[in-house]
1. In debye, nearest 20, what is the charge dipole magnitude of the stretch 34-179 about its Cα centre with +1 on Lys and Arg Cβ and -1 on Asp and Glu Cβ, if you could check?
2. Does the stretch 188-292 come out rounded, prolate or oblate, given a ≥ b ≥ c as the square roots of the eigenvalues of its C-alpha gyration tensor, rounded meaning a/c under 1.5 and, failing that, prolate meaning a/b above b/c?
3. In the stretch 192-269, carbon and sulfur make up what percent of the accessible area (probe 1.4 Å)?
4. Using alpha-carbon positions, what is the distance between the centroids of the stretch 227-258 and the stretch 126-188, in Å?
5. Starting from the amide H of Val300, placed 1.01 Å from N in the peptide plane, find each other amide H under 5 Å away whose residue is 5 or more places distant or on another chain.
6. Along the positive direction of the dipole of the stretch 222-287 (beta-carbon charges: Lys, Arg +1; Asp, Glu -1; about the Cα centre), which of Phe282, Val223, Ile255 reaches farthest?
7. Among residues other than Tyr56 whose Cβ falls under 11 Å from its Cβ, what is the net charge (Lys/Arg +1, Asp/Glu -1)?
8. Met140: net charge of surrounding residues, Cβ under 10 Å, Lys/Arg +1, Asp/Glu -1, itself excluded?
Amino acid sequence: MWLSIGMSAFLQVDTDGGITNQQQAEKDEMALAFLPALARMAVCGGTHGNELSGVYVVQEMERQRKEKGADTWPIPITTLLSNPQAVKECRRYIDTDMNRCFNRATLSSPIADSSAYEVRCAQELNNLLGPKGSTDATDMICDLHNTTSNMGLTLIHYTSNDWVTLHICKYLQTKITKVPVRVLVLDFPISDAYNLESVSKHGFTIEVGPQPHGVVRADIYIVMKEAVDLTIDWIHKFNSGMVFEGGDVEAFKFIKSVDYPRDPETRSLTAAIHPQLQDKDFCLLKRGDPLFFTFSGETVKYEEDETLHPFFINEAAYYEKASCVKDDPGLVIEAGKEGRDAAPAVLWPLRLDRACTN
């Protein structure tokens, strides 16, 4: 589903330390959203240890800090390799997928000798950058990922009413021209949100592809680094009092996952992505379009009436998830519905409120 997210108000900081009656009237007239400054940001790479663009972006930022000092960026930024052992071994994970470990149930589970390495790391990161859902949580986390799918730059987050995150997404869409920039809203309750960025007050995953796992491509690295730099630039402008006008942001909403055709007994694949669908992430998929190509030479077509925009098409990391039925079905396609008739989320104009403190 893609949503047109209407931004009907301005976003800006209140630089006067308080709002007078006249200012309040002006604020009401303009439908202006006032939010506090973003005081702390974290940039995390290596949540999946074989997705190397984020690893090298973090290492480059650490090099810049060492060379230029604490004032390298206009806001305090924590840089982290989230899953250091997996990065060292260039593996997606050691014991379990870390990017499924940040829901509240996992973060609050007791740690035992048998606890997965990634669960331990997730709880440590929550203590450092959170706690999740608290007023002490880091303002913004950018978690850096790669995909083998042809998704360009995709910004993934959990809600369609986080004005800060959506304004940043809009800013990146207007500034980055090398690749398509798309916004994906998962729309899960924050307690169920399982990705690292959900620990922060705002935040999103930066997903860039296509790139094979265990490989770093310069063009993909450049796009990711630009997205991080522009996010820092937006935060600096917002904290400095710039007003961000409303408007529209196109966003896709997660609908469902689709697995490969499999042998019912062995669970082995009986088909691959059809050549006409391969690399067509976010393109329209409608009834009758080729979906899979069986190893015996037959075309399996999409037979549902609901039109979709598939993404994460043929993502290499999802082959292993076939045994997971409820939360992580064997993902060959994650699909978003085309939803022009859906009720649009409203993104208000934004301004910093310096009277608010974190």
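1. Rounded to the nearest 20 debye, it is 340 debye.
2. Cα axes put the stretch 188-292 in the prolate bin.
3. Carbon and sulfur together cover 53 percent of it.
4. Spelled out, the Cα-based centre of one part sits 8 Å from the other.
5. Those lying under 5 Å, H to H, from Val300 are Leu291, Phe292, Phe293, Thr294.
6. Final value for the positive-end residue is Ile255.
7. Charge balance near Tyr56 sits at 0.
8. 0
The values are calculated or read from the model by the stated rules, or taken from the named source; none is laboratory data. Everything numeric in this text was worked out from a predicted model, so none of it was measured. All Cβ positions, even for glycine, are placed from backbone atoms using ideal geometry, and neighbour counts span all protein chains on display. With ligands, DNA and RNA removed, areas are computed over all heavy atoms of the protein, side chains included. Shrake-Rupley method; radii C 1.70, N 1.55, O 1.52, S 1.80 Å.
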